[in-house]
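The values are calculated or read from the model by the stated rules, or taken from the named source; none is laboratory data. Here the structure is a predicted model, which is why all the values come from computation and not from measurement. So basically every Cβ, Gly included, is an ideal-geometry build from the backbone, and we count neighbours across all protein chains shown. With ligands, DNA and RNA removed, areas are computed over all heavy atoms of the protein, side chains included. Shrake-Rupley method; radii C 1.70, N 1.55, O 1.52, S 1.80 Å.
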Number of protein chains: 2
Amino acid sequence: MQVGFIGLGLMGAPMARHLLHAGHHLHLWARRPATLVPFADTGAVIHQSPAEMAATVDVVFTMVADGPDVEQVLLGPRGIVEGAHPGLVVVDMSTIAPAIARDLNTRLAAHDIAFLDAPVSGGERGAREATLTIMVGGAADIFERIRPLFSLMGKSVSLIGPAGAGQVAKACNQILTGVGVMALAEALNFARTSGVDPANVRQALLGGFAYSRILENHGQRMLDRDFTPGFKAWMHQKDLRIVLEEAQRMGLMLPSTATTAQALNALVGSGHGEDDSIALIRLLERMGEAWV
Amino acid sequence: MQVGFIGLGLMGAPMARHLLHAGHHLHLWARRPATLVPFADTGAVIHQSPAEMAATVDVVFTMVADGPDVEQVLLGPRGIVEGAHPGLVVVDMSTIAPAIARDLNTRLAAHDIAFLDAPVSGGERGAREATLTIMVGGAADIFERIRPLFSLMGKSVSLIGPAGAGQVAKACNQILTGVGVMALAEALNFARTSGVDPANVRQALLGGFAYSRILENHGQRMLDRDFTPGFKAWMHQKDLRIVLEEAQRMGLMLPSTATTAQALNALVGSGHGEDDSIALIRLLERMGEAWV
């Protein structure tokens, strides 16, 4: 298949590579040409604009930072829409607001372009190892057509519902992981301050009802004081901003999400935005009392 | 072994029965004699006071509601201490403040009584099926002596550290489960209000990094609107009160725990204290919009 990919960052580059290695013809365009360099000798076709790419591919994947970036690539000058042919499929794998995903779906439909929102979880490691969780919103027939490509990038691929539903599932994921990290930071810091080895607490709790992958993985990294991302604090902050904007729009209260967002504000504001969000535990430690 | 058991409630009764079925000689005393009735034809010895029981047993288990109840049974009039012989082991499996557990350990040591704090997680079902997680604080040699009895009641039995450490681990467990339920309630209510089937979101997230036993089990029960306990909201409220009192004593902030405790206050205050704590989701729903 002729496959376009836009957004060759930490996540996008390994995802595009999985498509290439499976034998698809890869088409690339990048706002930052430096991200194209690792693809120089791969046979991938480099385009001068999204519009030019759109004319020659069956499907375009986008994996960029936020909603306005997606809009720019799809609907901006020399964007996908300008070069698109009827039947083109656009799959946005970025994490953006559900409302923007629904709006893009409507605007692309007016140009006979099919759209899926398909955000992912699993981080850089999941992208490298093709073990991402991919949460998809859109029409079932389009989903089935693209599913073989998703399967090259992720191991858990689900159609959640109509346009925007993938982003809603991703929002739920970010609530659970954000608040989950916050609660774990509180628990392990509580144990340590109580004079109890937090490693023993983690080990005991793994066997019971408090088991979570966050306790298992992030718990170990908190014990190791390993704050390298993983998933950067500023990105989690951005994702919870999207969730809280949606909550305000819908008239919902999300108390523990809001509390965690405040703590991420303080973490990023302290100059630790590039650390993993598990660095939240440092905010909770009594001043002058670091494990390391 | 001659084994005493005090506190034959929802949890304690099946736990005592496991000891009996393993061939131990069971000795009982109860503040509420009605709780003794189901043990009438079991061969268990009924005592007139904790002191009388203490004279004839090797070990006493207590499983009562809160710290003052444990103190009363152990150190009150006709309490365990009054009848105790040197070498008696007292094992408190209630959930109480770590500071009280440490204090009990010290006061019992003055009477040559060994003490373990050994709170559990897993709820009534875990008690019935002998699959409790048992988190123990105290001396290693006493723990090893009692371990075979613990193994009759639970499947994950850990010595966490010195006196009080079991209660600290339990506090951490209650932070993770309480905040975990709150975050899940926020996420599933967010999905539903967004017009997305929360069952699809749960299913998709089970395969990824947001996996937890809370998502799997409590998530399904939230979808089923099954608010029967499980674990009652007023008991979770009590446990988080203990955690937050300890936090104040130690000078720690626990933002997401405090937020969850506030929500439990509102749930219990709305007359739903006997519901499972997963009923937190009802607090978040927009007024007049119930799933059922």
Scan the stretch A:199-208 for residues that are open to solvent by 20 Å² or more (accessible area, probe 1.4 Å), modelled with pLDDT of 95 or more and not charged (D, E, K, R) and jot them down. A:Ala199, A:Asn200, A:Gln203, A:Leu206
Given (1) under 20 Å from the mean Cα position of the chain (by Cα); (2) open to solvent by 10 Å² or more (accessible area, probe 1.4 Å); (3) more than 22 Å from A:Leu188 (Cβ to Cβ), number of the condition B:Leu223 does not satisfy: (1)
Do we find that A:Leu215 is open to solvent by less than 10 Å² (accessible area, probe 1.4 Å), at the interface with another protein chain (Cβ under 10 Å from one of its Cβ atoms), part of a helix (DSSP H, G or I) and free of Cβ contacts under 8 Å to residues at least 60 places away in the same chain in this structure? yes
Return the total of residues in the stretch A:226-259 being facing another protein chain (nearest Cβ under 10 Å) and free of Cβ contacts under 8 Å to residues at least 24 places away in the same chain. 7
The residue from A:Ala65, A:Ala55 that alone is modelled with pLDDT under 95 and over 15 Å from A:Leu149 (Cα atoms) is A:Ala65
Failed item in (1) among the aromatic types (Phe, Trp, Tyr); (2) in a loop (DSSP other than H, G, I, E, B); (3) in contact with an Asp or Glu (Cβ under 8 Å, 6 or more places away or on another chain), with B:Trp234 passing the rest: (2)
Hey, does the stretch A:67-90 have a residue that's more than 25 Å from A:Gly23 (Cα to Cα), basic (Lys, Arg) and outside any helix (DSSP H, G or I)? yes
Please enumerate the residues belonging to the stretch B:175-198 that are open to solvent by 10 Å² or more (accessible area, probe 1.4 Å) and more than 9 Å from chain A (Cβ to nearest Cβ). B:Arg192
From the list B:Pro162, B:Pro98, pick out the single residue that is within 9 Å of chain A (Cβ to nearest Cβ), surrounded by fewer than 21 Cβ atoms within 10 Å (Cβ to Cβ) and closer than 22 Å to B:Glu245 by Cα. B:Pro162
Out of the residues in the stretch A:111-137 meeting the condition of being out of contact with any helix residue (DSSP H, G or I) (no Cβ under 9 Å at 6 or more places or on another chain) and either β-branched (Val, Ile, Thr) or in a loop (DSSP other than H, G, I, E, B) (or both), tell me which one is nearest to the other protein chains (Cβ to nearest Cβ). A:Gly122
Looking only at the stretch B:37-54, decide whether some residue is open to solvent by 60 Å² or more (accessible area, probe 1.4 Å), in contact with a helix residue (DSSP H, G or I) (Cβ under 7 Å, 6 or more places away or on another chain) and farther than 16 Å from B:Gly79 by Cβ. yes
Answer with yes or no whether B:Ala140 is within 13 Å of another protein chain (Cβ to nearest Cβ), surrounded by fewer than 17 Cβ atoms within 10 Å (Cβ to Cβ) and either over 14 Å from the mean Cα position of the chain (by Cα) or charged (D, E, K, R) (or both). yes
